Amino acid sequence: MRTVYMINKSGYEPFIDFLKGLCILSVIWEHGMPFLRETLFYFWGKMAVPLFLVIQCFHVFKKDSISYPSFSKLYKRILQPFLLVSFLILIIKYVLGDFSLSDDSFWLKALKSGGWGPGCYFPWIYIQFAILAPVIYRLLQGKSNKFQFLSILLGSIVIELAFTYMGGEEWLWRILVIRYLFLMAISFFLCKSNIRLTKANIVFSIIGIIFIALFEYLDFSFTPLFFDSARNWRSTHWVCFLYLFLLIFVIRIGYEKSSGFMKATISYLGKASFEIFLVQMIVFSTIGEHVAEIIDGLGLHGVLGLFYYLAIWVLCLGLGVLVYRLKRKSIIVNN
């Protein structure tokens, strides 16, 4: 069996877009589909956000010269569209009567959550990661693989212990990048060793799988070694990320065996992943939320329920791709 897949570090790597495509499909699945535990989602889909961040770091670490991010570019590419979508969600929710302007709890919840809509914390994590990644790289540049791995591992352990003993709150754990620090070790590995399956990686991945099962299915907490977060974040501890060594390798095998049409389709969704992400925020937090409540209230989980889930996918993917195409067309015209 082939154990190494090379990654193009100097130019365009099509597998990255394919990986992003699978990740955005997993994000929609998590936010819109039922029976996550029953479908073992935590083993095949919950790693979507960590994988997005690994990809982000990979693009930083693969360069010969590391530069700090342009805040104007971060604002234009990430923050500006996110704020526009957040404002649109706010208007729709107000029209639907979901809140009043004097509702302090509504505004406080939004402040702690980072906005409105599922995944609204991600742009803030992305920006923090963009700032932190070059700093970590410069600190560890020129060091051995083992030193880099152990340094980030130790940092991740200290962060979880400190957050626990300092009485850190759930909402803060959700919106801070510190819980994703270990992903930088994964990115270092990809940049230096490509997608490689070794005995060590297999052992690491088995450990990650075991801890995902313990956290998500057996309700272990292991506090204070791991911050005792709510169910949504229990598989985002550093030890669970060890599973990514195997998961990325398996996805690469799937990529190699996929048809040209499948590769092209999923990769295109990967290119439009941020636009799809923004659209799903709108869909799930406004209309989708109300329709789901009606279906649950009336007990309509047959054909109408299936229609709802189908409509969710069509809206999120269709509108997301449309926004991406319009954005690309606008860039081409302006240039």
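The values are calculated or read from the model by the stated rules, or taken from the named source; none is laboratory data. As the structure is a computational prediction, the values presented were derived from the model and not from experiment. Glycine gets a Cβ as well: all are built from the backbone with ideal geometry, and neighbour counts include every protein chain shown. Heads up: the accessible areas ignore ligands, DNA and RNA and are worked out on the full protein's heavy atoms, side chains in. Shrake-Rupley method; radii C 1.70, N 1.55, O 1.52, S 1.80 Å.
Heavy-atom accessible surface of region 158-283, averaged per residue, reaches 40 Å², computed with a 1.4 Å probe.
Taking a ≥ b ≥ c as the square roots of the eigenvalues of the Cα gyration tensor, the chain is rounded, since a/c falls below 1.5. Across the options Y5, S187, S235, the greatest Cα extent toward the positive end of the charge dipole of the chain (unit charges at beta carbon of Lys, Arg, Asp, Glu) belongs to Y5.
Between helix 287-298 and the chain there is an angle of about 70 degrees, using the helix long axis and the longest principal axis of the Cα atoms. To the nearest ten degrees, helix 273-285 and the longest principal axis of the Cα atoms of the chain are 40 degrees apart. Rolling a 1.4 angstrom probe over region 1-124 with all protein chains present gives an accessible area of which 65% lies on carbon and sulfur atoms.
Taking a ≥ b ≥ c as the square roots of the Cα gyration tensor eigenvalues, with a/c under 1.5 meaning rounded and otherwise prolate when a/b beats b/c, else oblate, which class fits region 67-134? Prolate, since a/c reaches 1.5 and a/b exceeds b/c. In this structure region 1-72 gives 47 Å² per residue of accessible area when probed at 1.4 Å with all protein chains present. Given a 1.4 angstrom probe, I'd like the percentage of the accessible area of region 125-165 that is carbon and sulfur, rounded to a whole number. Answer for region 125-165 is 72 percent, counting heavy atoms of protein chains only. Could you work out the local net charge near I24, counting Lys and Arg as +1, Asp and Glu as -1, over the other residues with Cβ closer than 13 Å to its Cβ? Charge balance in the 13 Å sphere: -1.
When only alpha carbons are used to place a centre, region 126-185 and region 21-73 end up 17 Å from one another. The overall shape of region 112-264 is rounded: from the C-alpha gyration tensor, with semi-axes ordered a ≥ b ≥ c, the ratio a/c is less than 1.5.
On a 0 to 90 degree scale, rounded to 10, what angle separates helix 183-193 from the longest Cα axis of the chain? It works out to around 50 degrees. Taking the average, over residues, of other Cβ atoms within 10 Å as the packing measure, peptides 28-36, 207-215, 9-17 rank 207-215, 28-36, 9-17 from highest down. Scoring 266-276, 166-176, 138-148, 77-87 by mean Cβ neighbours within 10 Å over their residues and listing the highest first yields 266-276, 77-87, 166-176, 138-148.
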